[in-house]
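The values are calculated or read from the model by the stated rules, or taken from the named source; none is laboratory data. What you are looking at is a predicted structure, and each value in this text was computed from that prediction instead of being measured. Using ideal geometry, Cβ is built from the backbone for each residue, glycine included, and neighbour counts are taken over all protein chains shown. All accessible areas refer to the heavy atoms of the entire protein, side chains included, with ligands and DNA or RNA removed. Shrake-Rupley method; radii C 1.70, N 1.55, O 1.52, S 1.80 Å.
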Amino acid sequence: MILVDMFTMAAVGAGMFFFLAGTVGLLRFPDTLSRLHALTKADNLGFGFIVLGLLPQSPDVLSGLKLVVVWLLVQLAAATAGQLIAQFVGLERRRDPAA
Amino acid sequence: MIDFLYGAAALLLLLTGLGLARMMWGPAPADRMMAAQLLGTGGGAIALLIATASGITAIIDIALVLALLAAFAAVALTLGEPGTKQPDGQANP
């Protein structure tokens, strides 16, 4: 089994581990903001590892570049969405702290 | 190698499906939106895995669209929130 396959298996495996951590964090964490933290950080890292693992496997350079573009978009989108949701939770808590 | 990628995609589908439970339990609307975000990220990762495993590079665009839609969903949640301002500067109720 050539080295590339082993690298892909290791990277995709690490990506799966972080996705598992993110999903378990999303389900188990007590507070909304801690869930948001777990989701945004762990899943992004998992996505990055999966893209890293898939890069050597992609058939041509263009699709490899497209993989990196998708990863960049996910990074930007998740960072922005995390901030937006955190602001939304903050505003909601200021309006009725009992919730 | 191909089987490993398909197996990883299947496991990831299971994980994303489990993550959707938060959409049902989530007390706050923000929790439900987080499950939708998970769909964007997890679904995109599944699409990438299947695109590489099957060799159909068009599926990478599906991952691109999923990531974009997840971002728009988060914006849609927070758009009319009281306390924020409209694009033309007029405050929300």
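Tabulated data
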item: Of residues in region B:23-67 being under 16 Å from residue A:75 (Cα atoms), open to solvent by 40 Å² or more (accessible area, probe 1.4 Å) and in contact (Cβ under 8 Å) with a residue 12 or more places away in the chain, the one farthest from the other protein chains (Cβ to nearest Cβ); result: B:39
item: Condition met for residue A:53 (modelled with pLDDT of 90 or more, part of a helix (DSSP H, G or I) and under 19 Å from residue B:19 (Cα atoms)); result: no
item: Those residues of region A:21-37 which are in contact with a Leu (Cβ under 6 Å, 6 or more places away or on another chain) and aliphatic (A, V, I, L, M), in sequence order; result: A:26
item: Contacts under 6 angstrom Cβ, first residue in region A:1-19 being among the basic types (Lys, Arg), partner open to solvent by 20 Å² or more (accessible area, probe 1.4 Å), 6 or more apart; result: none
item: So residue B:89, is it more than 19 Å from residue B:8 (Cα to Cα), open to solvent by 10 Å² or more (accessible area, probe 1.4 Å) and touching a residue at least 12 places away in the same chain (Cβ under 8 Å); result: no
item: Among (1) open to solvent by 10 Å² or more (accessible area, probe 1.4 Å); (2) under 19 Å from residue B:55 (Cα atoms), the one test that residue A:51 misses; result: (1)
